[in-house]
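The values are calculated or read from the model by the stated rules, or taken from the named source; none is laboratory data. Keep in mind the model is a prediction, meaning the values are calculated, not measured. Please note: Cβ atoms are built from the backbone with ideal geometry, for glycine as well, and neighbour counts cover all protein chains shown. The area values use the complete protein model at the heavy-atom level, side chains included, leaving out ligands, DNA and RNA. Shrake-Rupley method; radii C 1.70, N 1.55, O 1.52, S 1.80 Å.
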Amino acid sequence: MPRPQPRHGERSTVVPLRPRAFGDRPAQLTALADGVFAYAEPDHGGTPDCAGVVAGVVAGPDGVTVIGAAVPEARARRLARSVRTLDAGPVRTVVSTHNCGGHPFGGAAFPGAVVIAHTLARAGRDAGAAQPSVTFDDRLTVHCGPRRIELLSCGPAHTAHDIAAWLPGDGLLFAGGVVSCGTAPSALLGSVEGMLRAVGTLRALGARTVVCGHGRVCGPEAFDETEAYLRWIQSVALKGWSQDLTPLQAARAAGPGDFGHLTAAPERIVGNLRRAYAELDGEVLGHPLDARC
C-alpha cells in the first residue's frame, strides 16, 4: 500500500525545503503532493552524470506520467518497479528531459508508453534508445487526469534540447538537467549563457519545490546556487581566455573556488570552461564542440 499522501497542492513533510543529502539510503519514492512523487536514487558509483538520479512520477486516475525517466537502463528498471508499488495503473507517458550519456536508453523500461522529447532530441538518439513518438519545439501541455503538466523547452542549457516540467497547480518544477542543487551544473553539451537564461525563465515560474534531475529535491534556492556557479565559471573563463590559458590551465589556476563542496565539481569544471571559452569566441550557443581541452 502506498503511504498516505498530502492534500492536493500541499507540500509533503517528508521532503524538506532545504536540500538534504541522500547518503547511503536506497532508492525511494517520496510524496511531494497528492499523486506526485520524486524518485531518488543515490549514487552507487559510475560517472558523475549518473550520480544522484532524481525522476518525477505523477499518478492520475488512468495511469502514470514519468518525468526524467531516461536514466541508464538498469536504473530505469528499478524506477519502473518502484512505480508499480503505487498500484496507479500503467505508465502511459514518459517525458525525456534531456538527451545525454545513457539517459535515452531508460525509456525502454516502460514498454507501450508514449515518449515525449524535444524535436532535436529525436534526431540525436542512438540505436537502441527509446525513440520519442511525440516531439515539440517550444511548449506542450500534458494532462494526467485533472493535473496539467506544462513542458517547457529551455535549451541550450545542460544540453542543446532541455525540457522542464512545470506543475502550476502544485508549485512544483521538475527542472531536468537545467537546475542543480548540491551538484555542479554541466554545460559542456549545452551552453553556460543559455543555462543562465533558462534559470531566469524557470525562476520566474514561482516554484515552491524544485526537483533537479541530479542532486537533491529542494526549494527555489536551487536557482541561486546554479546561477552563482555559472557566473563563477564565466569569470574564470574570461580571465583564462584573456591570458591565453587553456581551459585546463584556467581550471588549475582557479581551483574549486567556493564550490568545492558540490558533487562532481572537479570533473565538470574543465568541460564547463571549454564551453564558456567557445562562447567568448563567438560560437553559437549549444553548437557541438570538440570536448578536448
Only residues that are at pLDDT below 85, in a helix (DSSP H, G or I) and not aliphatic (A, V, I, L, M): list them for the range 111-125, please. ARG122
I'd like the full set of residues that are open to solvent by 10 Å² or more (accessible area, probe 1.4 Å) and assigned to a strand (DSSP E or B), limited to the range 153-172. SER153, TRP166
Number of the condition not met by THR141 [criteria: (1) β-branched (Val, Ile, Thr); (2) free of Cβ contacts under 8 Å to residues at least 24 places away in the same chain; (3) farther than 18 Å from ALA117 by Cβ]: (3)
Restricting attention to the range 216-265, which residues are part of a loop (DSSP other than H, G, I, E, B), at pLDDT below 95 and among the aliphatic types (A, V, I, L, M)? LEU262, ALA264
Matching residues in the range 235-268 - criterion: being of a type in the set (S, T, N, Q) and surrounded by fewer than 18 Cβ atoms within 10 Å (Cβ to Cβ): SER235, SER242, GLN243, THR246, GLN249
Could you please give the count of residues in the range 173-205 that are touching a strand residue (DSSP E or B) at 6+ places or on another chain (Cβ under 9 Å), of a type in the set (Gly, Ala, Ser) and open to solvent by 40 Å² or more (accessible area, probe 1.4 Å)? 0
Would you tally the residues in the range 48-79 being under 20 Å from VAL217 (Cβ atoms), of a type in the set (A, V, I, L, M, F, W, C) and at pLDDT below 90? 10
Sort through LEU289, LEU273 and tell me the only one that's part of a loop (DSSP other than H, G, I, E, B) and touching a residue at least 12 places away in the same chain (Cβ under 8 Å). LEU289
